[in-house]
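Chemist: Here it is, the structure in full.
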Amino acid sequence: MTAIGDQSGRRIAIIGAGFSGSLLALHLLRRCRPEDRIYLVERNQNFGRGLAYATGNPNHLLNVRAGNMSAFPDEPDHFVRWLQNLPADQRAEIGDPNVANLGASTFVPRRVYGNYIQELLGDKIWREGQSHNLFLLTDEAVALHRDSDGLSLELAVGRRYPIDHAVLAVGNFPPTASTPGYFGDPWNPACLDGLAPDAPVLILGTGLTFIDTVLSLLDRGHTGKIYALSRRGLLPRVHAAVPAPWKYEAPPSGRNLVKLLRQVRTIARIAEKTGAGRRAAIDGLRPHTQRLWQEMSLPERARFLRHLRPWWDVHRHRAAPQVMARIEAAIAAGQIEIIKGRIGETTRLDETSVVHVNLRGDSGRRELVVDRVIDCSGPRSDATRLDQKLIQQLLASGQVRPDPLRLGLDVDPAGNVIDRQGHVTPDLHAIGPITKGTFWEIIAVPDLRIACAALAERLL
Ligand SMILES: Cc1cc2nc3c(=O)[nH]c(=O)nc-3n(C[C@H](O)[C@H](O)[C@H](O)COP(=O)(O)OP(=O)(O)OC[C@H]3O[C@@H](n4cnc5c(N)ncnc54)[C@H](O)[C@@H]3O)c2cc1C
């Protein structure tokens, strides 16, 4: 193995260049000295996009309005201004070349957002000349080592980089492996390859990933039946045509889940009466959510996950109105059928799968014959059940441990990783969805951008 890197300046490795890793790099570049080195490591070629913004489908829209998607918390209209300054041909890509219509309430294609992050990175490196600070490493990080020389990062090719800090910005854990007829990774375009347009398909899950998959099917002219299975059959709610901001007069407390639920329900009723709509009760919680989660005891958090999470997910993670209209039309036409239940045993025959579904409550069983099962039930979060090299190495060496609810990795409220013995590791940090156990509301841009700015400030 080769040891690379000089000893002057601070050396920070960011593992993962999706939104979180890329934005953290940008914030570090704003603050670093000429001799500092930031290694941004990404196993894909697509720096700046991550899973969410790599989609090539222009109908996969952001589920957050443009006005809330600025990369910088201190410049809230940064993204909207960027959109409005796009050349006409790129504005046309968004579907509405009229610049006056590209405002804060627009839901733009996710790939356009990926262009935005990539452009920000490119500007810092090429236009502002910070290529001597930022090193883009296209490879998989496979291990972090600690020895008498300190911390070092190992890449799959075998190179080692001595570093002072490492940040895990690896996004959601990878999905389950596919088997014949079963596609564990709904983001892999291959899951629709070769599918006959009239073939029946079963989608596991009825959340936003189910919606993306249905859009991809409809866009390629799919006419076959689409079954969608989830425990409660709940679909994401739709965003209001015009958002109605809401502020909780009495700041809610997370110490008692039942009281909190009662308070939210009361606010929802009031908001409904005033015309703001029930969604306002959830939106108004946003500035409080991380605190509420941290105020909850562990058993209360577990209760929330067991009983309330499905409701929370559909109210909190909503779809753009134009997206939901297509889904509702396909349901009304009978092409999509939502089934409440759990998947039972599945038998793969030559070209089809026979899937037994245990229907919710006492409704018995049902047999579905489908060409494909596509798993859109959400990312895995139990670190101990993954086959990802880096996470396994970190677990095995005791440098990280899963959080108590198995939502990701255990970190303290500053984002420092907690090791197997329960000690805070001051040179190992995590950001993004894997820190859900500590923050809960930490998967979307409005929260991640704050976390990135704060971590950059602490690191430099
Ligand atoms: C389909 C989808 C749509 C979404 N839409 C929105 C939206 O509209 N608005 C919003 O605010 N949020 C949205 N989100 C939430 C989204 O999670 C965040 O906005 C954000 O993209 C998360 O970024 P991340 O960098 O933490 O994770 P990711 O984007 O997943 O990036 C992690 C990166 O780390 C890399 N990586 C992982 N392990 C290694 C390793 N060992 N070595 C090297 N590289 C590695 C991966 O290849 C990946 O590129 C969406 C999420 C998904 C999945």
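Chemist: What are the residues in region 34-45 that are more than 19 Å from GLY158 (Cα to Cα), touching a residue at least 60 places away in the same chain (Cβ under 8 Å) and open to solvent by 10 Å² or more (accessible area, probe 1.4 Å), if any?
Modeler: PRO34, ARG37
Chemist: Restricted to region 164-179, and to residues that are within 14 Å of the ligand (Cβ to nearest atom) and assigned to a strand (DSSP E or B), which residue is surrounded by the fewest Cβ atoms within 10 Å (Cβ to Cβ)?
Modeler: Kept after step one, since they are within 14 Å of the ligand (Cβ to nearest atom), are these residues of region 164-179: 166-175.
When the remaining residues are screened for being assigned to a strand (DSSP E or B), the result is 166-168, 173.
Values: ALA166: 27, VAL167: 31, LEU168: 29, PHE173: 18.
Applying the filter and picking the extreme gives PHE173.
Chemist: Of the residues ARG306, ARG255, ARG269, ARG262, only one is touching a residue at least 12 places away in the same chain (Cβ under 8 Å) and charged (D, E, K, R); which? Break it down stepwise before answering.
Modeler: Numbers: ARG306 fails: touching a residue at least 12 places away in the same chain (Cβ under 8 Å); ARG269 fails: touching a residue at least 12 places away in the same chain (Cβ under 8 Å); ARG262 fails: touching a residue at least 12 places away in the same chain (Cβ under 8 Å).
Criteria check complete, one pass: ARG255.
Chemist: Quick one: how many residues across region 70-81 are out of contact with any Leu (no Cβ under 8 Å at 6 or more places or on another chain), over 15 Å from ALA444 (Cβ atoms) and not in a loop (DSSP other than H, G, I, E, B)?
Modeler: Number satisfying all stated conditions: 2.
Chemist: Restricting to region 441-460, give me the number of residues that are of a type in the set (A, V, I, L, M, F, W, C), assigned to a loop (DSSP other than H, G, I, E, B), touching a helix residue (DSSP H, G or I) at 6+ places or on another chain (Cβ under 7 Å) and surrounded by fewer than 23 Cβ atoms within 10 Å (Cβ to Cβ).
Modeler: To start, the set of residues in region 441-460 that are of a type in the set (A, V, I, L, M, F, W, C) comprises 442-445, 448, 450-456, 459-460.
Checking which are assigned to a loop (DSSP other than H, G, I, E, B) leaves us with 442-444, 460.
Next cut, touching a helix residue (DSSP H, G or I) at 6+ places or on another chain (Cβ under 7 Å) only: 442-443, 460.
Now drop any that are not surrounded by fewer than 23 Cβ atoms within 10 Å (Cβ to Cβ), which leaves 443, 460.
Final tally of qualifying residues: 2.
Chemist: Restricting attention to region 133-147, does a residue exist that is more than 14 Å from the ligand (Cβ to nearest atom), of a type in the set (Ser, Thr, Tyr) and either within 28 Å of the chain's Cα centre (by Cα) or open to solvent by 60 Å² or more (accessible area, probe 1.4 Å) (or both)?
Modeler: Scanning region 133-147, I find no residue that is more than 14 Å from the ligand (Cβ to nearest atom), of a type in the set (Ser, Thr, Tyr) and either within 28 Å of the chain's Cα centre (by Cα) or open to solvent by 60 Å² or more (accessible area, probe 1.4 Å) (or both), so the answer is no.
Chemist: Given the conditions (1) within 14 Å of the ligand (Cβ to nearest atom); (2) open to solvent by less than 50 Å² (accessible area, probe 1.4 Å); (3) of a type in the set (D, E, K, R); (4) within 21 Å of PRO76 (Cα to Cα), report the number of the one that ARG91 does not fulfil.
Modeler: Only one criterion is unmet by ARG91, namely (1).
Chemist: Still on this structure, I have one more. Of a type outside the set (D, E, K, R), in contact (Cβ under 8 Å) with a residue 40 or more places away in the chain, more than 16 Å from the ligand (Cβ to nearest atom) and not assigned by TED's automatic domain parsing to the domain that holds ARG385: which single residue out of LEU195, LEU204, LEU208 fits that description?
Modeler: Details: LEU204 fails: more than 16 Å from the ligand (Cβ to nearest atom); LEU208 fails: more than 16 Å from the ligand (Cβ to nearest atom).
That would be LEU195, the only listed residue that is of a type outside the set (D, E, K, R), in contact (Cβ under 8 Å) with a residue 40 or more places away in the chain, more than 16 Å from the ligand (Cβ to nearest atom) and not assigned by TED's automatic domain parsing to the domain that holds ARG385.
Chemist: Out of the residues in region 211-228 meeting the condition of being under 25 Å from the mean Cα position of the chain (by Cα) and among the hydroxyl-bearing types (Ser, Thr, Tyr), tell me which one is farthest from the ligand (Cβ to nearest atom).
Modeler: TYR227
Chemist: Identify, please: which residue in region 332-362 is open to solvent by 70 Å² or more (accessible area, probe 1.4 Å) and farther than 21 Å from PHE210 by Cβ and is, among those, nearest to the chain's Cα centre (by Cα)?
Modeler: GLU345
Chemist: Test LEU120 against the criterion of being in the same structural domain as ARG37 (by TED's automatic domain parsing), within 16 Å of the ligand (Cβ to nearest atom) and open to solvent by less than 50 Å² (accessible area, probe 1.4 Å), and give yes or no. If you could, list the steps in order and put the result at the bottom.
Modeler: Details: in the same structural domain as ARG37 (by TED's automatic domain parsing): yes; within 16 Å of the ligand (Cβ to nearest atom): yes; open to solvent by less than 50 Å² (accessible area, probe 1.4 Å): yes.
Judged against the criteria, LEU120 is a match.
Chemist: Looking at the structure I just gave you, is ASP382 out of contact with any Ser or Thr (no Cβ under 7 Å at 6 or more places or on another chain) and without any contact (Cβ under 8 Å) to a residue 12 or more places away in the chain?
Modeler: Numbers: out of contact with any Ser or Thr (no Cβ under 7 Å at 6 or more places or on another chain): yes; without any contact (Cβ under 8 Å) to a residue 12 or more places away in the chain: no.
No: the conditions fail for ASP382.
Chemist: Here's something else I'd like to know. Please return the ranges of strands (runs of 3 or more DSSP E) entirely within region 82-162 where 1 or more residues are touching a residue at least 60 places away in the same chain (Cβ under 8 Å) and in contact with a helix residue (DSSP H, G or I) (Cβ under 6 Å, 6 or more places away or on another chain). Full working, then the answer.
Modeler: Details: elements: 134-138, 141-147, 150-155.
Filter on region 82-162 gives 134-138, 141-147.
Chemist: Give LEU368, LEU394, LEU390, LEU386 a once-over and let me know the one that is hydrophobic (A, V, I, L, M, F, W, C), over 28 Å from the mean Cα position of the chain (by Cα) and either open to solvent by less than 50 Å² (accessible area, probe 1.4 Å) or within 24 Å of THR213 (Cα to Cα) (or both). Before the answer, list the steps.
Modeler: On the way: LEU394 fails: over 28 Å from the mean Cα position of the chain (by Cα); LEU390 fails: over 28 Å from the mean Cα position of the chain (by Cα); LEU386 fails: over 28 Å from the mean Cα position of the chain (by Cα).
The match here is LEU368.
Chemist: LEU261: open to solvent by 30 Å² or more (accessible area, probe 1.4 Å), touching a helix residue (DSSP H, G or I) at 6+ places or on another chain (Cβ under 8 Å) and assigned by TED's automatic domain parsing to the domain that holds GLY334, yes or no?
Modeler: Values: open to solvent by 30 Å² or more (accessible area, probe 1.4 Å): yes; touching a helix residue (DSSP H, G or I) at 6+ places or on another chain (Cβ under 8 Å): yes; assigned by TED's automatic domain parsing to the domain that holds GLY334: no.
No, not satisfied.
Chemist: Note down all Cβ pairs under 6 Å where the first residue falls in region 344-371 and is free of Cβ contacts under 8 Å to residues at least 24 places away in the same chain, the second is polar (S, T, N, Q), and they're at least six residues apart or on different chains.
Modeler: GLY344/ASN358; VAL354/THR347; ARG365/ASN358
Chemist: May I pose another question? Residues to consider are VAL400, VAL424, VAL417; find the one that is of a type in the set (A, V, I, L, M), within 14 Å of the ligand (Cβ to nearest atom), in contact with a strand residue (DSSP E or B) (Cβ under 6 Å, 6 or more places away or on another chain) and not assigned by TED's automatic domain parsing to the domain that holds TYR227. Working first, answer last.
Modeler: Working: VAL424 fails: within 14 Å of the ligand (Cβ to nearest atom); VAL417 fails: within 14 Å of the ligand (Cβ to nearest atom).
Step by step, each of VAL400, VAL424, VAL417 is checked, and only VAL400 is of a type in the set (A, V, I, L, M), within 14 Å of the ligand (Cβ to nearest atom), in contact with a strand residue (DSSP E or B) (Cβ under 6 Å, 6 or more places away or on another chain) and not assigned by TED's automatic domain parsing to the domain that holds TYR227.
Chemist: Please work out which residue is nearest to the ligand (Cβ to nearest atom), limiting yourself to region 57-69 and to residues that are assigned to a loop (DSSP other than H, G, I, E, B) and open to solvent by 50 Å² or more (accessible area, probe 1.4 Å). Please lay out each step first, then the result.
Modeler: Within region 57-69, the first condition is being assigned to a loop (DSSP other than H, G, I, E, B), and the residues that meet it are 57-60, 62-65, 69.
Applying the additional criterion that residues be open to solvent by 50 Å² or more (accessible area, probe 1.4 Å) yields 58-59, 63.
Numbers: PRO58: 14, ASN59: 13, ASN63: 4 Å.
Within region 57-69, the match that is nearest to the ligand (Cβ to nearest atom) is ASN63.
The values are calculated or read from the model by the stated rules, or taken from the named source; none is laboratory data. Every value quoted in this text rests on a predicted model; they were computed, and no experiment measured them. Glycine also receives a Cβ, built like all others from the backbone with ideal geometry; neighbour counts cover every protein chain displayed. Accessible surface areas use protein heavy atoms only, side chains included; no ligands, DNA or RNA. Shrake-Rupley method; radii C 1.70, N 1.55, O 1.52, S 1.80 Å.
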